[in-house]
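Down below is the structure, laid out as structure tokens.
No lab work stands behind these numbers, since they all come straight from the coordinates. Since we're looking at a predicted model, the values are computed, not measured. A quick note on method: Cβ atoms are made from the backbone with ideal geometry, for glycine too, and the neighbour counts reach across all protein chains shown.
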């Protein structure tokens, strides 16, 4: 598994690696312990990581919450899943990943021996992969949709746009799609995210971000390796993308594929 954490405070990308020791208590796997994770119908939620938000390398703080769990329901109806971390002991599921009719039609699928039942709980560590350099055209291509280009002046953006177009032409031997500005180009770049930035509104109807598309922040992505027990569920071209609302602690998960 390859998991990347995006720290907007530092403008940096971290690897999140199962099995690495951490003084912050980050973990991978295990059974969900939060109240609210038992669904009315369907198999249990799959827990990937639980991260300690007091670790500055995470770059995210949520009011009255120390831990942020990353769940996903495999073989769900729509591929997307939403929940709110109410407290360190309770979550509220905001979507319906399964229905009785869906489970009845696909019952053999859920009893298939390969259906993942959870990963062994162990520690997880954070290791910096790279800092984001807004002056580097390659960084802007791969990560501009996440970290943006607001640090540049208007004249710097014009020069950076030209550098990026030249870099793209030399790297891929083709022309980029035409954009009027570097802001538009960076926002639409999908180098790191297989289908581009989700730009979701908060799934919590009681949150003021519920009517604001793009108010969620991409925090974590997960790509499966061939040897992972859940590899068949994500697919060899799939990518789980976790967005978080800083106001209410809601999480929106997308299962994207190329």
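Computed over the range 1-99, the percent of Cα pairs more than 19 Å apart is 46. So what's the gap between the Cα centers of the range 26-103 and the range 210-230, to the nearest angstrom? Comparing the Cα centres of the range 26-103 and the range 210-230, I get a distance of 12 Å. By the count of neighbouring beta-carbon atoms within 10 Å, fewest first, 41, 91 end up ordered 41, 91.
Mean-square fluctuations from a GNM of the chain, with a 10 angstrom spring cutoff on Cα atoms, peak among 23, 211, 128 at 23. Based on the reciprocal of the average 1/r between different C-alpha atoms, the Kirkwood radius for the range 137-188 equals 10.9 Å. FRET efficiency for the residue 173 to residue 103 pair, using the beta carbon distance and R₀ = 51 Å, is estimated at 0.60. Its residue count N fixes a reference of 2.2 N^0.38 Å for the range 141-254, and the Cα radius of gyration divided by that reference is 1.26. Please compute the Kirkwood hydrodynamic radius over the chain, one decimal place, Å, based on all pairs of different Cα atoms. Here the Kirkwood hydrodynamic radius works out to 19.4 Å. Using a Gaussian network model on the chain with a 10 Å cutoff between Cα atoms, which of 39, 62, 143 fluctuates the most? In the Gaussian network model the winner is 39.
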